[in-house]
There are 2 protein chains.
Amino acid sequence: MAILPSVGLTVSDIASAAGVSQATAARALGNYGSVSDGAREKVLEAANRLGYRRNELAAALVAGSTQTIGLVVGDIENPFFATVARGVADAIEVEGHTLLLANSDEDLERERHAVEALRSRQVDGLIVASSSAEDVSFLESASSSGTPVVLIDRPMPDAELDTVTVENAAGAEAAVAHLIEVGHRRIGVLTDQPEIASAGERLEGYRAALDRAGLEFDEELVVEGGPSQEDGRRGTLKLLDRPDRPTALFTASNLATYGALSAIAALGLTIPDDVALVGFDDFPLAEVLAPPITVVSQPVSQIGQEAGRLLLERLAGEQGPPRRVRLKTELTVRGSSGGPRS
Amino acid sequence: MAILPSVGLTVSDIASAAGVSQATAARALGNYGSVSDGAREKVLEAANRLGYRRNELAAALVAGSTQTIGLVVGDIENPFFATVARGVADAIEVEGHTLLLANSDEDLERERHAVEALRSRQVDGLIVASSSAEDVSFLESASSSGTPVVLIDRPMPDAELDTVTVENAAGAEAAVAHLIEVGHRRIGVLTDQPEIASAGERLEGYRAALDRAGLEFDEELVVEGGPSQEDGRRGTLKLLDRPDRPTALFTASNLATYGALSAIAALGLTIPDDVALVGFDDFPLAEVLAPPITVVSQPVSQIGQEAGRLLLERLAGEQGPPRRVRLKTELTVRGSSGGPRS
DNA sequence: GTGAAAGCGCTAACAC
DNA sequence: GTGTTAGCGCTTTCAC
């Protein structure tokens with residue numbers, strides 16, 4: 001294979017090949033200003049023949065826009081984030097933007113660092129699933145200094161930023177209310193780390209459902225999972241591996257649900273007889289498991305798409321106050337929550 | 001919230017604030033050349049105070065390196081690719097690189113387009129799961145013109161490019177041999193699109209196992225799935241929804257396995273009694289399903305990490321011939337393949 | 001050790 | 001319509 005040292009053809013190269021000035025070639029290539037048909041043709045022919053590819057970096061430097069948007073998620077391996085990423089990619093690519101991706105591992109320092117790196121690379125905007133409910137000042141400052149930020153998944157009512165979230169409290173409440181309705185009184189809950197803002201809302205929904213049913217809130221029934229399936233597994237074991245175990249479980253995220261399923265299997269318990277289960281966030285095999293898993297489904301891809309859309313609008317000049325999009329969740333009752341209990 | 005128009009502090013801004021020349025400030029900031037301690041301190045203090053952030057774009061323009069690598073996968077929503085992406089990200093971020101991500105949807109035209117877009121953005125290198133076994137000339141030309149390319153997941157023996165793949169044929173053969181060993185004679189196979197190079201190898205492994213056992217190859221038992229779970233489901237239905245259905249099924253990819261599980265459930269069949277199942281590629285709930293699913297597991301994250309490593313080596317100047325890394329697979333026998341049959 | 005000046009590849013005034 | 005010229009923000013000679 002020949003080594004073509006055609007590392008970087010520039011506008012000037014094309015210009016001389018076409019016998020016009022650099023500016024004319026640039027105009028023809030960039031499709032702006034006015035160029036005579038003859039000149040344009042010569043330029044395009046030369047570009048084509050030589051295999052010219054525009055250096056977007058140089059263009060971005062002068063234009064002040066890279067057509068690149070940064071996405072910061074906890075972990076792209078998490079199917080939730082993967083689907084969000086896909087949604088974002090779909091929404092922005094129609095406008096010619098590309099995704100710069102970073103994982104934060106749900107760690108605030110890493111998140112900060114990722115945001116810094118992305119900003120240094122001059123992303124036009126940022127979409128962030130922030131791991132902190134507290135300190136998003138670095139995101140607000142990005143936004144106010146010209147790099148719009150859209151927050152996703154985790155509500156942040158105090159932040160002056162566009163956000164796309166789902167109805168966490170309502171979704172969780174529906175899940176728990178459903179468990180109560182079929183007869184459960186002791187319902188365990190496996191939550192995300194409390195720093196993650198949606199975790200709070202889901203726990204709130206859990207409490208609201210208990211309240212409404214006149215049930216006591218019992219701290220013992222709340223276990224904090226972590227960002228991995230293994231964390232969820234451990235949490236569930238803690239919750240279930242004892243005599244007075246809850247009769248039902250609400251898992252507040254997809255990985256928590258995976259972990260719980262794994263723990264339940266390990267303990268040899270049967271769903272829903274030994275323990276009923278409702279999870280937040282649907283997943284590919286939920287319908288296939290025996291029994292199928294009851295879930296609060298959320299429009300994951302749409303979260304990404306909406307975030308992309310809001311961001312593109314900001315980039316197009318939208319100046320209004322923060323928009324907060326709340327997407328609906330839906331309780332999908334399948335077998336794991338069980339029929340009515342005596 | 002105040003709008004700080006501090007959109008872009010430049011080296012010159014810092015230089016004047018520190019009372020030194022632009023060049024000195026740049027040296028202090030960029031940590032190169034020689035700067036007196038006094039000057040350095042003044043510059044760093046000013047940079048810190050004013051909140052200077054280096055414009056990596058401008059730096060990249062002159063350095064000719066963006067510290068960015070492009071990753072092209074079929075679909076980031078596919079857990080396989082998500083894990084690969086994570087592996088790549090982990091491998092390259094230690095060197096300060098960032099991931100530019102693009103989905104090809106397993107379409108060659110989209111893949112080409114993505115590669116073009118990524119190259120225009122001056123990525124330092126590319127990692128690609130190519131959807132074509134035939135035409136990778138555009139990737140070879142990228143490589144020979146200075147943008148190294150590492151191919152992943154799909155073997156491409158004719159391409160003059162580094163590749164990271166797994167032992168597809170051996171893995172598939174082990175899976176099918178195992179099914180034969182426990183007594184199956186009619187084994188259906190759900191493959192990926194034939195354009196995808198790994199699909200060929202896995203099918204080859206399937207045939208090899210049959211051959212070795214003296215079993216006839218029956219075209220009727222081969223069904224081509226597609227890149228989605230739904231495709232796998234449809235394929236499986238075609239295979240199983242008839243009287244002379246195979247007694248066992250080998251699904252050649254994770255989404256195919258998902259689809260098969262869904263179809264089997266829909267048909268009301270029991271695993272492994274009505275139909276035994278072995279899938280290529282492990283997945284989170286494989287152990288949790290009843291019965292747990294027997295799989296050929298592959299080191300997915302490691303594929304990404306190896307690819308990242310190979311690419312970094314090329315970027316560091318490695319000049320040798322194409323390296324072809326083959327990672328081992330492992331047959332993990334669980335319940336779905338059944339015990340010995342009469 | 002430091003500054004002045006050139007240049008990465010492109011866009012954008014501004015003349016002609 | 002076209003060419004000349006001046007930058008975008010940075011790195012990098014090259015004098016001093």
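The values are calculated or read from the model by the stated rules, or taken from the named source; none is laboratory data. Predicted model, so just to flag it, every value in this text is computed and none were measured. Note: ideal-geometry Cβ built from the backbone for every residue, glycine included; neighbour counts use all protein chains shown.
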Response to the item:
If we ask which residues in the stretch B:292-310 are surrounded by fewer than 22 Cβ atoms within 10 Å (Cβ to Cβ) and under 22 Å from residue A:232 (Cβ atoms), their number turns out to be 3
Practice prompt. Could you tell me whether residue B:299 is in contact with a Phe, Trp or Tyr (Cβ under 6 Å, 6 or more places away or on another chain) and within 29 Å of residue B:99 (Cα to Cα)?
Written response: no
Worksheet item: Tally time: how many residues in the stretch A:12-56 are in contact with a Phe, Trp or Tyr (Cβ under 8 Å, 6 or more places away or on another chain) and closer than 25 Å to residue B:123 by Cβ?
Response: 3
Practice prompt. Considering only residues that are within 8 Å of DNA strand C (Cβ to nearest atom) and within 13 Å of chain B (Cβ to nearest Cβ), look in the stretch A:5-29 and name the one that is surrounded by the fewest Cβ atoms within 10 Å (Cβ to Cβ).
Written response: A:7
Worksheet item: What about residue B:43, is it buried (at least 23 other Cβ atoms within 10 Å of the Cβ) and more than 36 Å from the chain's Cα centre (by Cα)?
Response: yes
Worksheet, complete the sentence: Of the candidates A:236, A:270, A:247, the one satisfying the condition of being surrounded by fewer than 17 Cβ atoms within 10 Å (Cβ to Cβ), farther than 21 Å from residue A:153 by Cα and of a type in the set (Ser, Thr, Tyr) is A:270
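If a residue must be more than 7 Å from DNA strand D (Cβ to nearest atom) and surrounded by 19 or more Cβ atoms within 10 Å (Cβ to Cβ), how many such residues does the stretch A:30-39 contain?
0
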Practice prompt. Kindly indicate whether any position in the stretch A:51-71 is among the β-branched types (Val, Ile, Thr) and either under 20 Å from the mean Cα position of the chain (by Cα) or more than 16 Å from DNA strand D (Cβ to nearest atom) (or both).
Written response: yes
Fill in: Residue among A:60, A:82, A:39, A:28 that is aliphatic (A, V, I, L, M) and in contact with a Pro (Cβ under 9 Å, 6 or more places away or on another chain)
A:82
Worksheet item: Among the residues of the stretch B:104-122, which ones are under 24 Å from residue B:63 (Cβ atoms), within 10 Å of chain A (Cβ to nearest Cβ) and not polar (S, T, N, Q)?
Response: B:116, B:117, B:118, B:119, B:121
Worksheet item: Is there a residue in the stretch A:237-248 that is touching a Phe, Trp or Tyr at 6+ places or on another chain (Cβ under 6 Å) and without any contact (Cβ under 8 Å) to a residue 60 or more places away in the chain?
Response: no
Discussion item. Looking at the stretch A:204-222 only, could you name the residues that are in contact with a strand residue (DSSP E or B) (Cβ under 7 Å, 6 or more places away or on another chain) and crowded, with 22+ Cβ neighbours inside 10 Å?
Written reply: A:206
Worksheet item: Are any residues in the stretch B:201-225 at pLDDT below 95 and either more than 27 Å from residue B:183 (Cβ to Cβ) or assigned to a strand (DSSP E or B) (or both), and if so, which ones?
Response: B:224
Response to the item:
Within the stretch B:236-255, restricting to residues that are closer than 21 Å to residue B:173 by Cβ and in a helix (DSSP H, G or I), the one that is nearest to the chain's Cα centre (by Cα) is B:254
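Let's see how each residue does on (1) modelled with pLDDT of 95 or more; (2) over 22 Å from residue A:75 (Cβ atoms):
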{"position": "A:244", "(1), (2)": "no, yes"}
{"position": "A:248", "(1), (2)": "yes, yes"}
{"position": "A:251", "(1), (2)": "yes, no"}
{"position": "A:258", "(1), (2)": "yes, no"}
{"position": "A:264", "(1), (2)": "yes, yes"}
{"position": "A:279", "(1), (2)": "yes, no"}
Response to the item:
Per the filter on the stretch B:88-103, residues touching an Asp or Glu at 6+ places or on another chain (Cβ under 9 Å) and more than 7 Å from chain A (Cβ to nearest Cβ) are B:91, B:97
Worksheet item: For the stretch A:82-114, what are the residues that are within 11 Å of the chain's Cα centre (by Cα) and farther than 23 Å from residue B:122 by Cα?
Response: A:82, A:83, A:84, A:87
Practice prompt. Specify the residue that is surrounded by the most Cβ atoms within 10 Å (Cβ to Cβ); the eligible residues are those in the stretch A:67-87 that are farther than 22 Å from residue A:112 by Cβ and facing another protein chain (nearest Cβ under 7 Å).
Written response: A:82
Response to the item:
The lone condition residue A:190 fails out of (1) outside any strand (DSSP E or B); (2) crowded, with 24+ Cβ neighbours inside 10 Å is (1)
Worksheet item: Just for the stretch A:36-58: of the residues that are touching a residue at least 12 places away in the same chain (Cβ under 8 Å) and within 11 Å of DNA strand C (Cβ to nearest atom), which one is farthest from the other protein chains (Cβ to nearest Cβ)?
Response: A:47
Fill in: strands (runs of 3 or more DSSP E) enclosed by the stretch A:256-342 - at least 1 residues per element that are acidic (Asp, Glu)
A:330-332
